[in-house]
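Engineer: Starting off with a structure, shown below.
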Amino acid sequence: MPTNEDAATSSSRVLDESFFYPQEELSRPQLQGEMSRDLVAFSALLGFDSKKRNNLHYLDDHTLLTSAGNNMATMQSKHVFGLGGGGVGAIAVHPSRGFFAVGDKGNKPNITIYVYPSLKVFRVLRQGTERAYCSLRFSNDGAKLASVGASPDFLLTVWNWRDEQTILRCKAFGQEVFNVQFAPNDGGFLTTSGTGHIRFWKMASTFTGLKLQGDIAKFGKSELSDIEAFCVLPDKKVLSSTERGALLLWDGSDGMMKWWHFPEIDQADVKEDDTVAEVIPKDEFCVSVKSPHHTSTVADIRGVLRGSDHYLIQDGNGMLHRLDIDTKQLTHLAEGHAGAITGLATSPVEHIAATCGSDGTVRCWNYAATSSTCMYIQHFNAPATALNFAPPAHDATGRTIAVAFQDGVVRILDRGPSK
């Protein structure tokens, strides 16, 4: 494992812009006893991971990239499978929208750079972390890519991604890191944040070469906080969120989105006997949840993505919303399980799948339909743990489902015409 503030030692090389990897050469080898991949074909992906941070990115004005993305105008999906076989840890879109990066999970996972819209594998970045990537971000000029690894190494790496070379790397922090981001006008300045910290990094030339120099923000008299969200301002000042709600761009617990004038923040003064400069937001909006299937009445905001005339809001309640910037009209776009799916079963007589989850919902899906939409949803006040269809000997119509719940209750549900 590289030591702190290690400069890259990889040999210099330049890759041809016309070079692409054949995907079959990068796929994980088939394990002994594993079913042949020629015997099955992927059909549909239902729902999306609403609790994953930084999981919303635009590829063009109508195509949204997530861990389970689709064209929001047509609701048609394209699926790109992680080549490592362990799942997707993080994604990022190049400023040109001509490339996107997928950071895998698994043993020594890779970062795969795809060309959009052809989905050809353009570059593969190796040896960036031990188990999983938790955040990726391109610099604004598109020349660099920053990655942060999950436990156990929490490794921050800056890449010359076009030539598959490491520029710099060092340990970002000793606990979970949520985000990494370049300054808007300076690819040599980065910020990372996570559990109990926010840290500012500078790529500096020293007597021994290029180094990453990191300064941890001192909370002083202010209460220590996890930093879920931050914004790097044009002059490299950083505006960040806190758990208690001080100076937020958005807050993940009260459902509020707030807007401030940058000059007022930049010129705010702190009194000698105080540690906080209060700046009144110019506008605010509460993202409310109007769904009979959720107990919460406000959104659990996990991500905000700005479009040309709107914001897309990733809601930890399993929902995706669109907020019009001018009219503040909120439109519900998609909905899935909020959290872990704990049970899955398919009907013995038709193309219907039933799922249950830790959010207490039981859902029926028509997985053979073009849009693969959820047909029915029923919410209960306890997390569900398992389910199964009744065998045809007991129900020849395949409409009866038994569902077990964490509070010790087993419910028998019958699928009717509308619920």
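Engineer: I need the peptides 128-139, 31-42 ranked by packing, meaning the mean over residues of other C-beta atoms within 10 angstrom, with the highest value on top. Walk me through the numbers on the way to the answer.
Structural biologist: Values: 128-139: 23.0, 31-42: 7.2.
Top of the packing list down: 128-139, 31-42.
Engineer: Here's a follow-up. Under a 10 Å cutoff between Cα atoms, tell me which one of D49, D300, D215 has the largest fluctuation in the Gaussian network model of the chain.
Structural biologist: Judging by the Gaussian network model, the answer is D215.
Engineer: With springs only between Cα atoms under 10 Å apart, run a GNM on the chain and tell me which of E17, E272, E264 wobbles the most.
Structural biologist: E272
Engineer: So what is the orientation-averaged projected area of the stretch 341-414, using the convex hull of its C-alpha atoms, in nm²?
Structural biologist: That works out to 4.6 nm², a quarter of the Cα hull's surface.
Engineer: Related question: I want to check the label-to-label distance for T370 and W259. Put each point 7 Å from Cα in the C-beta direction and report it in nm to one decimal.
Structural biologist: My value for the distance between the label points is 3.7 nm.
Engineer: Let me ask something else. Where in the stretch 373-414 is the amide nitrogen less than 15 Å from a point lying 7 Å along the Cα-to-Cβ axis of T331?
Structural biologist: none
Engineer: Among Q30, Q406, Q181, which one shows the highest mean-square fluctuation when the chain is modelled as a Gaussian network with alpha-carbon springs under 10 Å?
Structural biologist: In this elastic network of the chain, the residue with the biggest mean-square fluctuation among Q30, Q406, Q181 is Q30.
Engineer: Can you check what the net charge comes to around F20, using other residues whose Cβ is under 14 Å from the Cβ of F20 (Lys, Arg +1; Asp, Glu -1)?
Structural biologist: Overall, the nearby charge balance is -2.
Engineer: Using modelled backbone amide H atoms (1.01 Å from N, in-plane), which distant-in-sequence or interchain residues come within less than 5 Å of T385's amide H?
Structural biologist: Those lying under 5 Å, H to H, from T385 are A404, F405, Q406.
Engineer: Would you calculate a helix-derived [θ] at 222 nm for the chain, using -39,500 (n - 2.57) for each DSSP H run of n ≥ 4 and dividing by the full residue count, to the nearest 500?
Structural biologist: Helix contribution divided over all residues of the chain: -500 deg cm²/dmol.
Engineer: With r as the distance between the Cβ atoms of A204 and R13 and R0 = 22 Å, compute the FRET efficiency 1/(1 + (r/R0)^6) and round to 0.05.
Structural biologist: Computed FRET efficiency for R13 and A204 comes out at 0.35.
Engineer: Oh, and also: Would you please classify the overall shape of the chain from the alpha carbon gyration tensor, given that a ≥ b ≥ c denote the square roots of the eigenvalues, rounded means a/c under 1.5, and beyond that prolate means a/b larger than b/c while oblate covers the rest?
Structural biologist: Cα axes put the chain in the oblate bin.
Engineer: So if each residue of separation counts as 0.36 nm, and I subtract the Cα-Cα distance between L119 and N185, what length gain in nm does that give? Could the numbers behind the result be given before it?
Structural biologist: Numbers: separation 66, 0.36 × 66 = 23.76 nm, distance 2.91 nm.
Gain in length upon complete extension: 20.8 nm.
Coordinate-derived values only; no laboratory data. Small disclaimer: the values here were computed from a predicted structure and weren't measured. Cβ coordinates were reconstructed from backbone atoms using ideal geometry, including for glycine residues, and neighbour counts include every protein chain displayed.
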